[in-house]
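Down below is the structure, laid out as structure tokens.
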Amino acid sequence: MAESERPAVLYGIQPYMFEPESDPDDEETPAEETQLRMEQDVSEWCLCGKCEKMATEPENICCREIEQVTRRMKQLQVTPSCMVDHPGMDPVCFNVFSLQNAFNIYRADYGPLRLRGVQHRYRFLAYRSFVSWCWGFLGRKVRVVIPACVVLGIQREFPDAQGSYVGFRPPID
Ligand SMILES: [Zn+2]
Ligand SMILES: [Zn+2]
């Protein structure tokens, strides 16, 4: 039988026909909380000392509560008190050349990044790189909750605020 005449069914499902993807939705914290953290003093739930009150309830979470994050902290000889102080934060999330590379990886997978403003783009790529580093996967969007201290650290590094001096930043592409 000629190759082209073989019934397609013989080939079955090809491996890797579908992109393997973790589903972080399963890992989200339950919506029901006895007391909203937004209504508490940050010191009631933050163990690292660097979290601040965030705009939405799920964002009010400390680096020390997230297993995927504490795992990286415990891999060091001396466990830092906050993930922001992990020496990997700089090369992975703050280094603009790493983020240029993260941009190319994003673009290869998903096409153009539809975000305005270079700082906004850097922040998005820094969040994605953090998730990739700690959770080990990258979706099109950031779909896990990043601890408040890390979000704040990335916002400080790539602020939107007009006029705040942020040093030299190369274009992202
Ligand atoms: Zn904290
Ligand atoms: Zn922290």
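Numerical summary
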| read-out | value |
| --- | --- |
| Gained length - HIS120 relative to GLN155, 0.36 nm times residue gap less alpha-carbon distance | 11.7 nm |
| Protein accessible area in the stretch 30-105, 1.4 Å probe - carbon and sulfur % | 50 percent |
| Estimated vicinal HN-Hα couplings, Hz - the stretch 87-96 in sequence order (Karplus 6.51, -1.76, 1.60; Gly, Pro = x) | x, x, 4, 5, x, 7, 10, 9, 6, 5 |
| Whole-number accessible area per residue in Å² for the stretch 45-159, which is evaluated in the context of all protein chains at 1.4 Å | 49 Å² |
| For VAL131, net neighbour charge (Lys/Arg +1, Asp/Glu -1) across residues whose Cβ lies under 11 Å away | +3 |
| Efficiency of FRET between GLU65 and GLN100 - r from beta-carbon atoms, R0 41 angstrom, step 0.05 | 0.85 |
| Between the stretch 84-109 and the stretch 112-160, the alpha-carbon center distance in angstrom | 9 Å |
| Summed side-chain charge close to GLY153 - residues other than GLY153 whose Cβ falls under 13 Å, Lys, Arg +1, Asp, Glu -1 | -1 |
| Sparsely packed trypsin sites (Lys or Arg not before Pro) within the stretch 77-152, loop by DSSP, other Cβ within 10 Å at most 12 | ARG114, ARG116, ARG140, LYS141 |
| Packing-based order for 35-41, 54-60, using average beta carbon neighbours within 10 Å, highest first | 54-60, 35-41 |
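The values are calculated or read from the model by the stated rules, or taken from the named source; none is laboratory data. Only a predicted model underlies this, so the values are computations on that prediction, with no experimental measurement involved. Neighbour counts are summed over all protein chains in view; Cβ atoms, including those assigned to glycine, are modelled from backbone coordinates with ideal geometry. Quick note on the areas: whole protein, heavy atoms, side chains included, nothing else; ligands and nucleic acids left out. Shrake-Rupley method; radii C 1.70, N 1.55, O 1.52, S 1.80 Å.
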